[in-house]
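This report refers to the structure that appears directly beneath it.
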Amino acid sequence: MRKIAIFYFSGTGNTEFIAKLIRNNMINLSINLSIDLYRVEDILNNDIEVDIYNYDIIGIGAPSYGFNPPKIIIDFCKNLIKVNHVKVFLFLTCAAPCYLNNVAFFGIKRILKRKGYEVIYEKVICMPANILLKYDDSIIKRLYDSAVERVKIMTKDILGNTVKVRNDHFIPYLFRWLLILLVRLAIKTVPLDFIVGKACNECMKCIRICPRKNIYFKRKIKHGLKCEACYRCVYGCPQRAIKGRLYNIAIHKEGYDIEGIFEKCKDIDTKKPLKGIYKTFESYFNSLS
Ligand SMILES: Cc1cc2nc3c(=O)[nH]c(=O)nc-3n(C[C@H](O)[C@H](O)[C@H](O)COP(=O)(O)O)c2cc1C
């Protein structure tokens, strides 16, 4: 029996959706397989020890935050035990079909290599944007179809021992480092921007769901300094009381629930030609590699 562990962080559900899709696809492909899914926050917050040697392959998944992995994923990778050659596949979800998102793998791969892990596969999967833009329904449906196809190929490759890893050449990214640095800096300011409005009824849900245990109650709900800027508290608040001062415009007013978003778009016609900013999706939709 082959055993696989998938570790993931997901602020608002996109990466979790993909982690579950990978698990379901793998189970459909092979009966002689057992797969364990772990949320990275559960491991870090509860000091859970997972015996990596129990597994033949491990997967690690995360969203892209400013072309960077979330800090919690870096901490998780740094906390992993040193091993003698364990295979790893990586997956990253993002909102823009932009190859700069591949930069997010660089740091993770370096840490894993130092610890004796061999990255055998990496995949970027574009999902609906959880902040800023609300994509057109036909784009959401195409993102769904393409995620399903990509995961199918990915799981077949991984179980068939196909290796697909990018060479980390910095040169193509060289002239974009300034852009990458600016975006990363902007993201660091997101936590400072959160305010808890009068609608808050102190139900404490945000405290319970924060993956970093960074929200506390001291006369009112407050955010500490360990925020991942994942927006789980914003979309998880039943009163929609958590807002941004400057960045409020980035928050989807109707909330963010990926299962519901995909469900709503499942019968949408995808034949509409791509126009305007959606033209940037053209090569992403046309190639599944
Ligand atoms: C603070 C923040 C920064 C983000 N930065 C990027 C980015 O640099 N590139 C990108 O394509 N998407 C970016 N996104 C979008 C998310 O990566 C994308 O929606 C992801 O699938 C969310 O995954 P999750 O629901 O598992 O948290 C960002 C989202 C947030 C909240």
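Observations on the model:
- Surface accessible to a 1.4 Å probe, per residue, for the residues of the chain, Å²: 52 Å²
- Size descriptor for segment 189-245, Kirkwood hydrodynamic radius: 11.1 Å (Cα pairs only, one decimal).
- Restricting segment 192-262 to GluC sites (Glu not before Pro) that sit in a DSSP loop and have at most 15 other Cβ atoms within 10 Å of their own Cβ leaves E202, E254.
- For the chain, C77, C94, C98, C126, C200, C203, C210, C227, C230, C237, C265 have no disulfide-compatible partner, since no other Cys C-beta lies under 4.7 Å from theirs.
- GNM flexibility winner over the chain from F105, F217, F76 (Cα, springs under 10 Å): F217
- Loop GluC sites (Glu not before Pro), segment 1-102, which have at most 13 other Cβ atoms in a 10 Å radius of their Cβ (DSSP): E49
- Normalised contact order of the chain, rounded percent, pairs of Cα under 8 Å and 6 or more residues apart: 20 percent
- In a reduced charge model with +1 at each Lys and Arg Cβ and -1 at each Asp and Glu Cβ, the chain shows a dipole moment near 860 debye about its Cα centre.
- Here the mean projected area of the convex hull built on the C-alpha positions of segment 58-150 is 6.1 nm².
- Distance between the modelled labels on L174 and K218, one decimal in nanometres: 4.8 nm (7 Å Cα→Cβ projection).
- Bridge orientation summary for the chain: considering DSSP beta bridges with both residues in this region, about 20 percent are antiparallel.
- Residues with amide H under 5 Å from that of K3, placed H, sequence gap 5 or more: S34, D56, I57
- Placing a pseudo-label 7 Å from each Cα along the Cα-to-Cβ vector at I48 and M204 gives an inter-label distance of 2.3 nm.
- Label-point gap, in nm, between K279 and I187 - each point 7 angstrom along Cα→Cβ: 2.8 nm
- Neighbour-limited loop hits for chymotrypsin sites (Phe, Trp or Tyr not before Pro), segment 114-171 (at most 10 other Cβ within 10 Å; DSSP other than H, G, I, E, B): F170
- Accessible surface of the chain [probe 1.4 Å, protein heavy atoms]: carbon and sulfur percent: 55 percent
- One chain, two ends: N248 and S287. Fully extended at 0.36 nm per residue, the span grows by 10.6 nm beyond their Cα-Cα distance.
- With kT/(6 pi eta Rh) evaluated at 37 °C and eta = 0.692 mPa s, and Rh the Kirkwood radius from Cα pairs, segment 1-62 diffuses with a coefficient of 272 µm²/s according to Stokes-Einstein.
- Taking 37 °C and 0.692 mPa s as conditions, segment 174-289 diffuses translationally at an estimated 192 µm²/s according to Stokes-Einstein applied to its Kirkwood radius (Cα pairs).
- When exposed loop sites are taken as trypsin sites (Lys or Arg not before Pro) in a DSSP loop with at most 11 other Cβ atoms within 10 Å, the longest stretch of the chain clear of them is 83-197.
- Bins of 10 Å, starting at 0 and running to the largest distance - Cα pair percent for segment 2-172: 10, 41, 38, 11, 1
- Kirkwood hydrodynamic radius of the chain, from inverse mean 1/r over distinct Cα pairs, in Å: 20.0 Å
The values are calculated or read from the model by the stated rules, or taken from the named source; none is laboratory data. It should be emphasised that the depicted structure is a prediction, and the values quoted were computed from it without experimental measurement. Note that we place each Cβ from the backbone using ideal geometry, even for glycine, and neighbour counts take in every protein chain shown. Surface accessibility is based on the protein's heavy atoms, side chains included, excluding ligands, DNA and RNA. Shrake-Rupley method; radii C 1.70, N 1.55, O 1.52, S 1.80 Å.
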